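Student: Please read through the structure below; I'll follow up with questions.
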Amino acid sequence: MRNPAVIAFVIIFLIPCALGPAARGQNDTPLAAQGSAQAKDIADLDIEQLANADVIVTSASRREENLRTAPAAIYVLTADDIRHGGFSSIPEALRVVPGLYVARTNSHSWSVSARGFSDFNNNKMLVLIDGRGLYSQVFGGVYWELEEMPLQDIERIEVIRGPGGTLWGANAINGVINIITKKAQQTQGGSVSATAGEGEGYQSSFRYGDRIGKNLYYRIYGLSDYWLPLVDGTGTEEHNRWSIPQAGMRMDWDASSRDTLTFEGRGYDGRLSDLAPYLDLTRGPLIPETYVVKGGNLLGRWQHAFSPQSSTELLSYCDWNTRTGFAPPYSRVSCDIELQHSYNFNARHAITWGGSFLTDADTVPGNFGLRFDPSSDRDNTAGVFAQYEVAVVPDHLRLTAGSKFEHNSISGFEIQPQVRAVWTPNKVHSAWAAISRAVRTPTRGELGLHFLYARLPSPEPTFLEVVGNPDLGSEHSESYELGYRYQPRPSFSVDTALFYNQYEKLVVYPPGSPEVNPDPFYVVVPLVAGNSGEAQTHGLEVSAQWQPLKRWILLSGVTEDRGSAFAVASTPQHQFNLQSRLDLPFGIEVNSALYHYSALPPVRTKLPVPASERVDLGVSWQPTHDLTFSVWGHNLQSDHHAEAATDPGEIPAADVRRSIVFKLAWQFKQECSGGRK
């Protein structure tokens with residue numbers, strides 16, 4: 001790594017050593033916390049205050065617990081982490097999470113995966129925002145471009161690597177990404193921000209929060225963006241521009257000392273341009289096209305405390321969206337209702353149980369080369385879960401066992417059990433182990449898609465055709481995990497996880513016999529979906545944090561992924577990241593990050609992707625408490641580089657290019673002593 005940008009990154013690491021004793025703390029201070037459920041806005045804390053924040057998580061057991069004793073491979077990305085990284089989207093922020101692989105394929109598409117299966121349609125990760133599921137049953141995965149939001153409204157992102165089906169249901173085979181936004185109480189006052197980036201694009205947002213009466217808080221926001229296209233391998237701009245203006249709101253009402261209600265809603269109307277994968281009898285597969293995406297969602301949550309030992313939560317939401325053009329055009333409505341109850345029998349025994357009902361309806365109109373059979377469909381999923389916790393040895397050994405039982409209209413009855421244990425002999429050491437089973441239900445595309453995938457070189461029109469199979473069953477996985485956390489002193493900690501996953505009944509597409517279509521005349525070679533795939537993955541994930549000086553924090557992560565070629569063809573074997581956060585006098589912050597990804601070899605028809613580094617460097621200045629100027633350089637190491645592997649017949653993944661981003665943010669606090677009547 002002789003690149004000048006990499007050398008500059010190393011120099012930044014040497015700056016704190018030149019500051020002298022004045023920058024050194026008199027005593028070791030605890031490491032900056034990864035997450036916190038406290039009401040105070042974590043963005044207002046400095047490094048030393050962050051170091052003393054508690055690390056509380058909820059995604060591992062659907063109950064509040066300390067991260068140090070959570071029996072799962074979990075990492076928490078805080079609002080402060082996102083701010084220090086200078087990110088402009090949620091997928092980009094997830095790059096810092098050890099165990100996750102984030103590959104950008106064009107200006108508006110990312111593949112975010114854990115523990116293998118990093119193809120474009122990554123269908124083994126469940127993603128939620130405040131409990132609202134983002135998984136698309138049409139193609140399996142997440143349309144990340146539709147989930148834009150002001151990043152300053154995010155309180156934390158809890159990332160679980162490994163199965164989460166027992167608590168969260170189907171499609172959480174390899175992990176759960178739980179995005180938790182700030183309460184309206186935490187965003188009182190106003191804020192305005194504007195971003196302009198050479199090589200990236202433009203974004204502006206506003207937010208205003210206030211109080212009505214004594215106990216009702218709200219915020220409203222608007223977000224407008226325009227993102228520039230990425231480039232091809234020669235550095236030429238592609239056609240993948242996008243812009244999705246949106247507006248939203250959140251209200252939190254403390255109705256009584258025992259009842260809290262939350263309402264959220266948003267709407268968007270955007271335009272995306274890309275290369276359309278349409279085929280006909282005369283033209284090639286790549287056609288520039290602009291299409292429309294519209295949608296919105298509403299969510300309501302009621303939390304009630306019966307007593308200090310008993311509480312319940314009722315959540316309901318509806319999500320709707322439509323898109324025209326390609327990839328494919330469709331309209332979809334998804335509604336869900338969930339009930340959860342937690343009860344502590346005593347200090348050693350507790351149970352969490354609940355039920356849910358999800359209905360998902362869509363319509364996918366057909367055209368030449370792409371159709372769904374049937375074109376309209378509705379899938380229903382009903383489920384119940386229960387998880388029991390017992391402290392075998394109080395404060396030292398805890399066992400957790402449970403299962404989710406679901407019935408869906410696609411694959412029928414499913415069961416997803418797990419057993420977890422955590423041993424904490426003292427405050428320095430913590431070890432955990434888990435055995436889990438999870439499932440992924442087939443998508444609409446896998447069940448009924450007919451897609452002319454690629455034209456083959458032949459005198460007569462000949463195409464590969466992806467063909468769905470209505471008789472598909474669910475994919476299954478069995479997972480075995482071991483974890484260890486070590487914190488010998490407050491300023492240093494290490495978190496490790498080992499895993500082995502065995503997958504059965506994976507959906508694969510073996511070629512069939514050629515078929516002739518008479519009118520119009522063309523030949524197709526069908527690739528028919530079937531549950532004949534098997535694979536295994538195994539690996540190691542390590543994250544470490546060290547605070548060598550009072551104003552300087554280092555964070556790093558190492559990921560090693562291995563397994564069957566079918567499972568890890570698009571996942572780097574080696575990943576490494578290192579982040580530096582330095583607070584200087586006069587309101588100046590210097591942040592930098594280095595990422596390394598090993599090469600992706602040519603497997604099956606996948607094209608190779610060379611090894612790459614990424615260097616980010618940012619400087620922020622806060623002349624007053626309300627005003628912040630920032631400048632960030634992303635991907636400084638090269639003009640452009642590839643991140644994702646593609647098949648020759650797919651739309652080629654674009655190269656990510658270097659960008660320089662300027663940001664101005666202004667905010668003012670709303671005094672809530674009186675409130676509005």
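The values are calculated or read from the model by the stated rules, or taken from the named source; none is laboratory data. Keep in mind that this is a model prediction, so the values were computed, not measured. Glycine gets a Cβ as well: all are built from the backbone with ideal geometry, and neighbour counts include every protein chain shown.
Student: Would you pick out the residues in region 320-366 that are of a type outside the set (S, T, N, Q), within 25 Å of the chain's Cα centre (by Cα) and under 29 Å from PRO288 (Cα atoms)?
Tutor: Just the residues of region 320-366 that are of a type outside the set (S, T, N, Q), to begin with: 320, 323, 325-330, 332-333, 335-339, 341, 343, 345, 347-351, 353-355, 357-358, 360-362, 364-366.
Narrowing the set further to residues that are within 25 Å of the chain's Cα centre (by Cα) leaves 320, 323, 326-330, 332-333, 335-339, 354-355, 357-358, 360-362.
TRP320, ARG323, PHE326, ALA327, PRO328, PRO329, TYR330, ARG332, VAL333, ASP362, listed by residue number.
Student: Residues VAL494, VAL516: which one is in a strand (DSSP E or B) and surrounded by fewer than 15 Cβ atoms within 10 Å (Cβ to Cβ)?
Tutor: None of the others qualify; the one that does is VAL516.
Student: Shifting gears a bit: Please determine, by comparing only the residues of region 415-466 that are small (Gly, Ala, Ser) and assigned to a strand (DSSP E or B), which one is farthest from GLY483 (Cα to Cα).
Tutor: Among them, the one singled out is ALA454.
Student: Only one residue in THR260, THR290 is at pLDDT 95 or above and either touching a Ser or Thr at 6+ places or on another chain (Cβ under 9 Å) or in a strand (DSSP E or B) (or both). Which one? Please lay out each step first, then the result.
Tutor: Values: THR290 fails: at pLDDT 95 or above.
Unique residue meeting the criteria: THR260.
Student: To continue, here is another question. Can you tell me which residue among PRO488, PRO526 is within 30 Å of ALA70 (Cα to Cα), assigned to a strand (DSSP E or B) and over 30 Å from the mean Cα position of the chain (by Cα)? It would help to see each step written out before you state the result.
Tutor: Numbers: PRO526 fails: within 30 Å of ALA70 (Cα to Cα).
It is PRO488.
Student: Out of THR359, THR352, which single residue is within 20 Å of GLY140 (Cβ to Cβ) and among the polar types (S, T, N, Q)?
Tutor: After applying the criteria, what remains is THR359.
Student: Can you name the residue in region 534-565 that is over 26 Å from the mean Cα position of the chain (by Cα) and assigned to a strand (DSSP E or B) and is also farthest from LEU456 (Cα to Cα) among such residues?
Tutor: LEU549
Student: Does region 376-396 contain any residue that is within 20 Å of TRP432 (Cα to Cα), aromatic (Phe, Trp, Tyr) and either within 26 Å of the chain's Cα centre (by Cα) or in a strand (DSSP E or B) (or both)?
Tutor: Yes, there is a match, as at least one residue in region 376-396 is within 20 Å of TRP432 (Cα to Cα), aromatic (Phe, Trp, Tyr) and either within 26 Å of the chain's Cα centre (by Cα) or in a strand (DSSP E or B) (or both).
Student: So, ASN531, is that one under 28 Å from TYR75 (Cβ atoms) and either in contact with a strand residue (DSSP E or B) (Cβ under 9 Å, 6 or more places away or on another chain) or touching a residue at least 12 places away in the same chain (Cβ under 8 Å) (or both) or not?
Tutor: Taking the combined requirement at face value, the residue does not satisfy it.
Student: Kindly provide the set of residues from region 639-649 that are at pLDDT 85 or above and either assigned to a loop (DSSP other than H, G, I, E, B) or surrounded by fewer than 16 Cβ atoms within 10 Å (Cβ to Cβ) (or both), ordered by number.
Tutor: The answer is ASP639, GLU643.
Student: Being among the small types (Gly, Ala, Ser) and at pLDDT below 90 is the filter; apply it to region 650-667 and report the residue that is surrounded by the most Cβ atoms within 10 Å (Cβ to Cβ).
Tutor: So, considering only residues that are among the small types (Gly, Ala, Ser) and at pLDDT below 90, the one surrounded by the most Cβ atoms within 10 Å (Cβ to Cβ) is ALA654.
Student: If you don't mind, another one. Select from region 136-170 the residues that are aromatic (Phe, Trp, Tyr) and surrounded by 22 or more Cβ atoms within 10 Å (Cβ to Cβ) and list them in ascending order.
Tutor: The answer is TRP168, and nothing else.
Student: Please go through (1) part of a strand (DSSP E or B); (2) of a type outside the set (D, E, K, R); (3) surrounded by 21 or more Cβ atoms within 10 Å (Cβ to Cβ); (4) at pLDDT below 95 for ASN240 and return the number of the only condition it doesn't satisfy.
Tutor: (1)
Student: Could you check, for region 591-605, whether at least one of its residues is surrounded by fewer than 18 Cβ atoms within 10 Å (Cβ to Cβ), in contact with a Gly (Cβ under 9 Å, 6 or more places away or on another chain) and among the basic types (Lys, Arg)?
Tutor: no
Student: Going by the structure shown, is ASN121 at pLDDT below 80, surrounded by fewer than 24 Cβ atoms within 10 Å (Cβ to Cβ) and within 30 Å of GLY199 (Cβ to Cβ)? Before the answer, list the steps.
Tutor: Values: at pLDDT below 80: yes; surrounded by fewer than 24 Cβ atoms within 10 Å (Cβ to Cβ): yes; within 30 Å of GLY199 (Cβ to Cβ): yes.
When the stated conditions are applied, ASN121 passes them.
Student: Also: For region 178-197, check the following and say yes or no: at least one residue is under 29 Å from THR359 (Cα atoms), of a type outside the set (Phe, Trp, Tyr), in contact (Cβ under 8 Å) with a residue 12 or more places away in the chain and in contact with a Ser or Thr (Cβ under 7 Å, 6 or more places away or on another chain).
Tutor: Yes, that holds for at least one residue.
Student: Run ARG581 past the list (1) assigned to a strand (DSSP E or B); (2) surrounded by fewer than 21 Cβ atoms within 10 Å (Cβ to Cβ) and report the number of the one that doesn't hold.
Tutor: (2)
Student: Specify which of the listed residues (GLY222, GLY235) is of a type in the set (Gly, Ala, Ser), in contact with a strand residue (DSSP E or B) (Cβ under 7 Å, 6 or more places away or on another chain) and within 25 Å of ALA642 (Cα to Cα). Step through it out loud before you land on a result.
Tutor: Numbers: GLY222 fails: within 25 Å of ALA642 (Cα to Cα).
Sole residue among the options that is of a type in the set (Gly, Ala, Ser), in contact with a strand residue (DSSP E or B) (Cβ under 7 Å, 6 or more places away or on another chain) and within 25 Å of ALA642 (Cα to Cα): GLY235.
Student: Being β-branched (Val, Ile, Thr), touching a residue at least 40 places away in the same chain (Cβ under 8 Å) and not in a strand (DSSP E or B) is the filter here, so list the residues in region 141-177 that pass it. I'd like the intermediate steps shown before the answer.
Tutor: Looking only at region 141-177, we keep the residues that are β-branched (Val, Ile, Thr), and these are 142, 154, 157, 159-160, 166, 173, 176-177.
Within this subset, residues satisfying the condition of being touching a residue at least 40 places away in the same chain (Cβ under 8 Å) are 154, 157, 159-160, 166, 173, 176-177.
Listed by number, the residues that qualify are THR166, ILE173.
Student: SER409 - would you say it is surrounded by fewer than 16 Cβ atoms within 10 Å (Cβ to Cβ), touching a strand residue (DSSP E or B) at 6+ places or on another chain (Cβ under 8 Å) and either at pLDDT below 95 or within 30 Å of LEU482 (Cα to Cα) (or both)?
Tutor: Yes, satisfied.
Student: Between ASP377, ASP373, which is at pLDDT below 95, out of contact with any strand residue (DSSP E or B) (no Cβ under 6 Å at 6 or more places or on another chain) and surrounded by 16 or more Cβ atoms within 10 Å (Cβ to Cβ)? Give the steps one after another, and end with the answer.
Tutor: On the way: ASP373 fails: surrounded by 16 or more Cβ atoms within 10 Å (Cβ to Cβ).
Of the residues listed, the single one that is at pLDDT below 95, out of contact with any strand residue (DSSP E or B) (no Cβ under 6 Å at 6 or more places or on another chain) and surrounded by 16 or more Cβ atoms within 10 Å (Cβ to Cβ) is ASP377.
For every residue, the table says whether it meets (1) at pLDDT 85 or above; (2) polar (S, T, N, Q).
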| position | (1), (2) |
| --- | --- |
| GLN38 | no, yes |
| LEU50 | no, no |
| ALA60 | no, no |
| PRO71 | yes, no |
| ALA79 | yes, no |
| PHE87 | yes, no |
| VAL96 | yes, no |
| GLY99 | yes, no |
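Student: How many residues, within region 553-606, are at pLDDT below 95, in contact with a helix residue (DSSP H, G or I) (Cβ under 9 Å, 6 or more places away or on another chain) and aromatic (Phe, Trp, Tyr)?
Tutor: Counting residues in region 553-606 that are at pLDDT below 95, in contact with a helix residue (DSSP H, G or I) (Cβ under 9 Å, 6 or more places away or on another chain) and aromatic (Phe, Trp, Tyr) gives 0.
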